[in-house]
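These notes are about the structure you will find just below.
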Amino acid sequence: MHLGNRIKTFSLLGLNLESFIKNYYDDCLTPAQEEIAQTLKLAEIKNPWFTIENQLYALSEWAEALKKENLEKWLSKYDLSIKNKNVGIVAAGNIPLVGFHDLLSVVLSGNNAIIKLSSNDEVLMKYMIHYLYDIAPEFKEIIKITDKLKGYDAVIATGSDNTARYFESYFKDIPHIIRKNRTSVAILTGEETPQDLENLSNDMLRYFGLGCRNVTKIYTPKGYDLNTIFNSLFKWKDIINHHKYANNYDYYRTIYLMKQIPITENGFVLMTEDKNLFSPISVIFHEEYDNLITLIPQLKNLEEKIQCIVNKYVIPNLNTINFGEAQSPKLWDYADGIDTINWLNNLNS
């Protein structure tokens, strides 16, 4: 299948998603779109973290990303041709469609995908893949869903740090990308506007904080008033009505109180001072810094654990993004900073 047709197929998927989202909010779904709506409900039943709202947000992001002009802009710097290498994908499932970028990259680099879906995200991912089959039946030979990887020439696998050690050993003799645990942090200076902080609240609490691009740690200047952050979180107050999130909130609040660890809270988010990066669901860690000059090398040493650094200003030697952009990555914002397309493009070399 010609690369131009592969791009066209994904862009048609994007247009269909865009139409579905518009009609969903206008309450005028077509019969075919009703099937998508039912799929979202099934996905939420199987994985309660995948609320309809979070799935719709993910779909809207992909509807934008899959526009033909965005796909062409992304791929324009690569010299692509059909290679037909079989690339195994072990997909993550922490947030809706988190494995779709790897699938897209494999197919648009001219290769075939053999994908093992996460049980947490198999409903929506399967629907997207079968939608591609409907648009272009040839995709049945390009994308194959499997319960056990075999017949692969290379592998992209995502898992926890423990799982990654197993992957590194198991796939050591073939080309591979192994992704481990990562999270995101924010740097505040005290000069942020209320809108900046409201945008930061989206970076923290979208998807309940389950994604590697979610901010779980905030660095604040000495004397910073944490209530300033809490004021910006108010739009997310209904998050506590989600039973799994509420269970986490109650559990960690109890643990901190029993251990007499100081916390600041607002009824739906806990904040505590902690030097670690990875905070539990419903908890945001914070740490004071003296000045940015000393903070920069500290963060550089943690690069392998950090997916995004969110900040209002450009900071020398740090790759940062603006508040509110963490959950809206561009196609060329590669996980772990590894250019997946370039890696795939070099499999023959």
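The values are calculated or read from the model by the stated rules, or taken from the named source; none is laboratory data. Keep in mind it's a predicted model, so treat the numbers as computed, not measured. Here the Cβ positions follow ideal geometry from the backbone for every residue, glycine too, while neighbour counts run over all protein chains shown. In case anyone asks, the SASA skips ligands and DNA or RNA and just uses the protein heavy atoms, side chains included. Shrake-Rupley method; radii C 1.70, N 1.55, O 1.52, S 1.80 Å.
Taking the stretch 49-59 as the range and being open to solvent by 40 Å² or more (accessible area, probe 1.4 Å) and either in contact (Cβ under 8 Å) with a residue 12 or more places away in the chain or not charged (D, E, K, R) (or both) as the test, the residues that pass are TRP49, TYR57. LEU295: open to solvent by 10 Å² or more (accessible area, probe 1.4 Å), touching a strand residue (DSSP E or B) at 6+ places or on another chain (Cβ under 6 Å) and not in a strand (DSSP E or B), yes or no? Criteria not met by LEU295. Collect the residues in the stretch 146-162 that are within 21 Å of the chain's Cα centre (by Cα) and open to solvent by 10 Å² or more (accessible area, probe 1.4 Å), keeping them in residue-number order. THR158, GLY159, SER160, ASP161, ASN162 - these are the residues of the stretch 146-162 that are within 21 Å of the chain's Cα centre (by Cα) and open to solvent by 10 Å² or more (accessible area, probe 1.4 Å). When only residues in the stretch 227-257 that are of a type in the set (A, V, I, L, M) and part of a helix (DSSP H, G or I) count, which is nearest to GLY324 (Cα to Cα)? If we take residues in the stretch 227-257 being of a type in the set (A, V, I, L, M) and part of a helix (DSSP H, G or I), then ILE229 is nearest to GLY324 (Cα to Cα). Scanning the stretch 10-28 for residues that are aliphatic (A, V, I, L, M) and surrounded by fewer than 16 Cβ atoms within 10 Å (Cβ to Cβ) returns a single hit, LEU15.
Considering only the stretch 319-339, state which residues are buried (at least 17 other Cβ atoms within 10 Å of the Cβ), over 23 Å from PRO194 (Cβ atoms) and in contact with a strand residue (DSSP E or B) (Cβ under 7 Å, 6 or more places away or on another chain). Scanning the stretch 319-339 gives a single hit, ALA335. Scanning the stretch 113-138 for residues that are open to solvent by less than 70 Å² (accessible area, probe 1.4 Å), assigned to a loop (DSSP other than H, G, I, E, B) and free of Cβ contacts under 8 Å to residues at least 60 places away in the same chain yields a total of 2.
Looking at VAL106, VAL90, just one residue is among the β-branched types (Val, Ile, Thr), farther than 30 Å from TRP236 by Cβ and open to solvent by less than 20 Å² (accessible area, probe 1.4 Å), and that residue is VAL106. Within the stretch 245-289, the only residue that satisfies the criterion of being among the basic types (Lys, Arg) and either closer than 19 Å to ASN227 by Cα or surrounded by 13 or more Cβ atoms within 10 Å (Cβ to Cβ) (or both) is ARG253. In the stretch 144-202, counting only strands (runs of 3 or more DSSP E) that sit wholly within it, the ones holding 1 or more residues that are β-branched (Val, Ile, Thr) and farther than 30 Å from ILE229 by Cβ span 154-158, 176-179.
Within the stretch 203-226, being among the basic types (Lys, Arg) and part of a loop (DSSP other than H, G, I, E, B) holds for ARG213, LYS222. What are the residues in the stretch 206-225 that are open to solvent by 10 Å² or more (accessible area, probe 1.4 Å) and among the hydrophobic types (A, V, I, L, M, F, W, C), if any? Scanning the stretch 206-225 gives PHE208, LEU210, CYS212.
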